[in-house]
Structure formats: C-alpha cells, structure tokens
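The values are calculated or read from the model by the stated rules, or taken from the named source; none is laboratory data. Please read all numbers here as calculations on a predicted model, not as lab measurements. Here Cβ is always computed from backbone atoms with ideal geometry, including for glycine, and neighbour counts include all displayed protein chains. The area values use the complete protein model at the heavy-atom level, side chains included, leaving out ligands, DNA and RNA. Shrake-Rupley method; radii C 1.70, N 1.55, O 1.52, S 1.80 Å.
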Amino acid sequence: MPRFTHSSAMRTMHLHLAPFGRTTRKAVSALAAAALCCTGAIASALIAAPTANAAPKDYHANTSDFAPDSDVVIIAFQQNWNSIAKECTDVLGPEGVGYVEVSPPMEEIPGSQWWTSYQPVSYKLDSKEGTEAEFQNMIDTCKAAGVGVVADAITNHMAAALQDGSKDGTGVAGSTYTSDGDFPAVPWTKNDFHTCTKGVSNYKDATNVQECQLDGLQDLDTGSDHVQDVLADYLAKLYTMGVVGFRMDAIKHIASADVLAIKQKMAQKLGIGIDDIWWMQEVIDDDGQAAELAPSNYFQTGDVSEFQYSYALKSAFGLSVTALKKIGTTANLIDSNKAQVFVSNWDTERGSQTLSYKDGKKYILANAFMLAYGYGTPNIQSGYVFANRDDGAPGATDTSIPDTQCGTGSPWLCVERWTQIRGMIRFHNNTNDGTIASNWWDDGANTISFSKNGLGFFAMNASSKPVTYTFSTTLPAGEYCNLYGPGDCSSTVKVAEDGTASITIDSMDAVAIDNVDTPQTWGTDNASTAATDPSDPPLTSSGAFDASAIDMTFGGVYGGDSQDSEKSSDQAQSDSETPTDPKDEEGTFANFSAHAVAYAVIFAIVLVFSIVILVKPNKKSDK
C-alpha cells in the first residue's frame, strides 16, 4: 500500500535554525555543527514583537446573537464531532474558552494516520470525525455553551496522486477520484488543476510554490473563476451552518490575489463584508523566500499564524526566559492584532523547533506565559500522545475516530483540562484588555514578572532552584487566589498596602493573580474548583512528560496499538522538497518519497562532516 507523510516530514533537516528569526539566517554560513551550538543564543537575542498596547480584540462571531467572552482557541486535534460537542458543554464553555478549532470536516482519503484528514476527496461533510448531522449538532451544542467552532479549511489542493501504481482511489464516504484530477463528487476535472505536476522545490520562486504540487498533492488552479466559486460555496456552507471562523491551511501556496478573490466570493454569497469573516491563515515566513510569500501579503484577508513566536519560546526556555521581554518592545514579529500564536500545534510538536507536551513543565509554563502576556490570539494544542510522526488518534481506523476519553493514563492529552491551563485561561480572560504586559521585572537569568494594567500580576521561575523576591504587583492590598496553583484556591498571595508581595516560587513554577479571584469569591461561578484534574499530565522527577504512565489502549478502550511504526515519517521525506527547501506547509500531508533514504544519508553527512551550507526550515514549517 502507498506510504504517506505530511509536508513537515523534513523538519529534522532544519537543524534547529528556525528560531533564528527572519534576518539572521541569511548570515548563517558557519559549519553546521557550530550553527547547532549557537542557535539558541542568537534566537534569544532576536526574540521580538510588534506594536505594544494594541487595541482590544474584536472577538469574532458570525451572528449577532453569538459573542464569545474570550479569544482563547482550543485546538481539538483529530477529535470527533460528538466528543467535541460534549467537551464544549462539560469543560470548554464553563472554563471560559472562546473557540474550539476542529479538524477538516470534508471527506478525505482513508487511513489511520492523522495527515489523511488533509487530503480532500470531496466537500461532503462526511469524514472520519463524523457525519454532517453530527457536525451541525456540534456547532449548535458548542454555541449554546458559548464556544464558537473554527473549521480547518483546505483550499489549496485535493488528495495526492496515488503512488502505488494505481490510478483510482476512494474517499471515506465512497467518493471516487483519480491521480490525474478527476474528482466527480465535487466535481473537479483535470482542467481545474494547475498544469505543473512536479513538486514544490524552490521557495525563491513564487510560481513554483503556488502552482506546483506540495508533496504530490494535486494543486487546484485557484486563479480560475470556477475553482474560486466552488471553494467559496463550500466555505459559505460551513459559515451558514454556524462556523464562526476558519483556519486556512497552506495559504502561502495560493497567490494572495486568489485568496482575496475566494474570500470576496464567499462574502458575496453570504451578503456580508469580507472583514466580517474571520480567517486564521497558515503562512510560515522564512528568509530567502520570494517576496510574494511573505505574511504581509495576506493581511488583507485575515490573521496569520506567527511561527516565529513559537520558535522564540523554545529558544528562551532553553537559555533565559528574560529574552521574552523583547516580545513587547521590538517589531520583528507581526502586529499583535494579526498574530495567531501557539506554543506548538500538531505539526510542530512532531519536530524539534518548538516545545511540545513532551517537555512537561516547560510546556505548561510556556502556555502560561502566552495566556498572560497579551501578544496575539492564543491557541492551545490539545491532541494525544504519539511515538511516531504519522500516528493518528488513539484507536483510529481507516474510516473513523473513536470518542475522546480523558482521564488518568489516557493517551488523549485533554490539555484544556489541565489544572494550570484552566487557571491561566481564567487569568487571561480576566486581564485581557488588548494590551501587552507592563511593569516588567527579571533577575537577568530565568525569573520574570509583569503586570496587566492593575488587572493582574504574573511571575514565573524557570530556573532549577526556588526564588524568593518581593514583587511589585500593581494590585490593591488583599489576598488573591494563585490561578497557576491548585484549582481550589488553596494557594494564595497576599499583597501589601504598597502593592508589593513577598513570594517564594518553586523551580519551574509560576504565580498568577488577578483582581477578581479571591478566597471569598472563589467557587461562586460554574468553574471547576477541584484542586487537581484526572487529566493532569504525568511528570517525571525532572519535570518532563512521563510517557510510561500512559496506557495507549486506555484499559482496552482503544484496543491494541493501531499505529504502524514502520510508517514513521521520521524516516521519510518527500519527492517534492529538497533538504535546502525553506519550509513546508502546516497541516498538509502527502506521500513518502522514494528518496527518503537518500535524503537521510545526506543529512547524516552534513552533521558528520559539518558541510558549510545554509540550512533553512523545510516543508510544512511554512505554507
């Protein structure tokens, strides 16, 4: 059977250079080994961000009767519609989450691997995650809980050409397709695709990136009025069903003029303005690429995912978190109002450029910083434990994904339930006034603190030893619940009349207090007040995630391990990209290349002999 991989399969070729920032890579011409050693230091020096004190965010909604109270997005990766509906009612709504991002809802190719969800066969809303009726019920149920649904939308391509020698394929809902552009259920014919059938290979050439095939995925001719109209119909249907926002996959692989035309057609069909439709666009920036691929080209159609922010977090937690101060003082990142940010997502957590759940305490602290600091719209990845890049959801089959089961030992992470994450979502909602933090303090090493305009105070100790200090909080005198602590307000902070508080913060720990939550007010709303949650991550003595505590079958609920370790894309790379390709698109996937072994050998030679080359992030890190 054909072997597939998504476009980030070659992230291992990046040699950790992504955190360098947009201007530094051009200067990198030292030995590969030396580059590996100095990456972190340079990254910390370049951590930067845009305009501070941005205007308060307009929390997006597509109907006048629905306005979420938060801009926090939970990414419910590879979770089925019934499970998400239940989670909206039981957890996301009560804890104050504004949005839940769901996997692509259209019919896809069969397969248990997660990236099969990113290979469309038709726009029928029958997928491994559920039926159209279940999708509608999820939207309505989440809306009733105060949570808007954001749909992952694929408009750049359709399913990849089959590489096992066969011509015909069938989607999970029974729709057929061919390797030469025939998708009768849409319908598409070969005339609806770009004529370039070679792989994307040169990110300095916008035409190559936007008209050739990313990892073999059949590339739609998005400049065609007919193609634009069909895509706009699909998106408008989702919007009419109640979807409040869209994560637009691989948008850099579509010319910005085509993207604008699609959104304009969508808006015309709905009778609204394009600014009334919220798009979160995946555009990964990189030095050396064609100017047409830069994020700024896509600001006219929506927000953009700021991957440099994620790289900066990884670098700072590897060296000194004091470097995070620069996120509010320089202009290297895109403007806060346009930035969609995350510590990691399903693509980056399978590489080494960002932190992931496997980093345990570092990962939790990084998410806490993101929720506290005020830059961009925070997105929190909630996926599952995996051993190999290709691993799909626990118990996934070729045509279905079982219900999500949260709890002690479950392979589902259920990050939104983690005690510290719950508390920090509450802190974010109570202090998010649209501005970046002020009143910054640090010890020059790994302890920092800042305030949110008298609304809240946050301090973090990322060092290996406890830190005791008298902090200036800017809060009124009183006793406040530590929202990073146990969920029962058993950890508190007392603020003196002068606004200071003497606090001891344990190693790899934090304190977060706001002017709303006190021992007297705690538990008066419908939020959880349990000290801990069964889904809290198991940690080792060193603070890393303890994978040994996870039962991949969850007591037999998910049967045996359905993943095929031989299909790990850690061991494969795609024909469509070379080791020096600047990057790959996030959330797309395709076929393993026959050249995988050859590329792996080249990579090994680079490391062993320290060849003097400029290594840039590979596919899937951008798009």
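At a glance:
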read-out	value
Output for the range 493-507, where each listed residue is within 32 Å of the chain's Cα centre (by Cα) and surrounded by fewer than 21 Cβ atoms within 10 Å (Cβ to Cβ)	Asp506, Ser507
Qualifying residue in the range 266-287 (condition: crowded, with 20+ Cβ neighbours inside 10 Å, free of Cβ contacts under 8 Å to residues at least 60 places away in the same chain and more than 18 Å from the chain's Cα centre (by Cα))	yes
Residue in the range 91-98 that is part of a helix (DSSP H, G or I), at pLDDT 95 or above and surrounded by 24 or more Cβ atoms within 10 Å (Cβ to Cβ) present	yes
Output for the range 188-215, where each listed residue is in contact with a Leu (Cβ under 9 Å, 6 or more places away or on another chain) and over 17 Å from Asp285 (Cα atoms)	Trp188, Asp192, Phe193, His194, Gly199
Test result for Thr553, more than 20 Å from Arg417 (Cα to Cα) and surrounded by 12 or more Cβ atoms within 10 Å (Cβ to Cβ)	yes
Check on Cys196, among the hydrophobic types (A, V, I, L, M, F, W, C) and surrounded by fewer than 18 Cβ atoms within 10 Å (Cβ to Cβ)	yes
Conditions (1) in a loop (DSSP other than H, G, I, E, B); (2) in contact (Cβ under 8 Å) with a residue 12 or more places away in the chain: number failed by Lys252	(1)
Filter result (open to solvent by 10 Å² or more (accessible area, probe 1.4 Å) and in a loop (DSSP other than H, G, I, E, B)) within the range 334-355	Ile334, Asp335, Gly351, Ser352
Filter result (out of contact with any strand residue (DSSP E or B) (no Cβ under 6 Å at 6 or more places or on another chain) and either surrounded by fewer than 24 Cβ atoms within 10 Å (Cβ to Cβ) or of a type in the set (Phe, Trp, Tyr) (or both)) within the range 324-333	Lys326, Gly328, Thr329, Thr330, Ala331, Asn332
Pair list, Cβ under 8 Å, 6 or more apart: the range 369-389 residue free of Cβ contacts under 8 Å to residues at least 40 places away in the same chain and open to solvent by 10 Å² or more (accessible area, probe 1.4 Å), other residue of a type in the set (A, V, I, L, M) and outside any strand (DSSP E or B)	none
Single condition Ala294 does not satisfy, out of (1) farther than 26 Å from Leu371 by Cβ; (2) open to solvent by 30 Å² or more (accessible area, probe 1.4 Å)	(2)
Residue among Ala527, Ala549, Ala572 that is out of contact with any Asp or Glu (no Cβ under 8 Å at 6 or more places or on another chain), of a type outside the set (D, E, K, R) and at pLDDT below 85	Ala572
Residue that is nearest to Cys212 (Cα to Cα), among those in the range 175-193 that are assigned to a loop (DSSP other than H, G, I, E, B) and open to solvent by 50 Å² or more (accessible area, probe 1.4 Å)	Asp180
Flag if Leu365 is buried (at least 24 other Cβ atoms within 10 Å of the Cβ), of a type in the set (A, V, I, L, M, F, W, C), free of Cβ contacts under 8 Å to residues at least 60 places away in the same chain and in the same structural domain as Val150 (by the TED database)	no
Subset of the range 531-550 [under 23 Å from Ala396 (Cβ atoms) and crowded, with 16+ Cβ neighbours inside 10 Å]	Ser535, Pro537, Phe545, Ile550
Strands (runs of 3 or more DSSP E) wholly inside the range 423-488 that include at least 2 residues being within 28 Å of Gly318 (Cβ to Cβ)	438-442, 447-451, 456-461, 467-472
Meets criteria (modelled with pLDDT of 95 or more, among the aliphatic types (A, V, I, L, M) and outside any loop (DSSP other than H, G, I, E, B)) for Ile401	no
Test: residue in the range 204-223 that is assigned to a helix (DSSP H, G or I), among the acidic types (Asp, Glu), closer than 30 Å to Gly146 by Cα and open to solvent by 30 Å² or more (accessible area, probe 1.4 Å)	no
Pairs, first within 19 Å of Asp390 (Cα to Cα) in the range 546-570, second at pLDDT 50 or above and open to solvent by 60 Å² or more (accessible area, probe 1.4 Å), C-beta under 6 Å, six or more apart	Asp561/Met552
Any chance Thr518 is out of contact with any helix residue (DSSP H, G or I) (no Cβ under 6 Å at 6 or more places or on another chain), at pLDDT below 95 and among the β-branched types (Val, Ile, Thr)	no
The lone exception for Thr492 - which of (1) under 19 Å from Ala366 (Cβ atoms); (2) without any contact (Cβ under 8 Å) to a residue 60 or more places away in the chain it fails	(1)
Single condition Thr399 does not satisfy, out of (1) open to solvent by 10 Å² or more (accessible area, probe 1.4 Å); (2) assigned by the TED database to the domain that holds Phe77; (3) farther than 22 Å from Lys128 by Cβ; (4) not acidic (Asp, Glu)	(3)
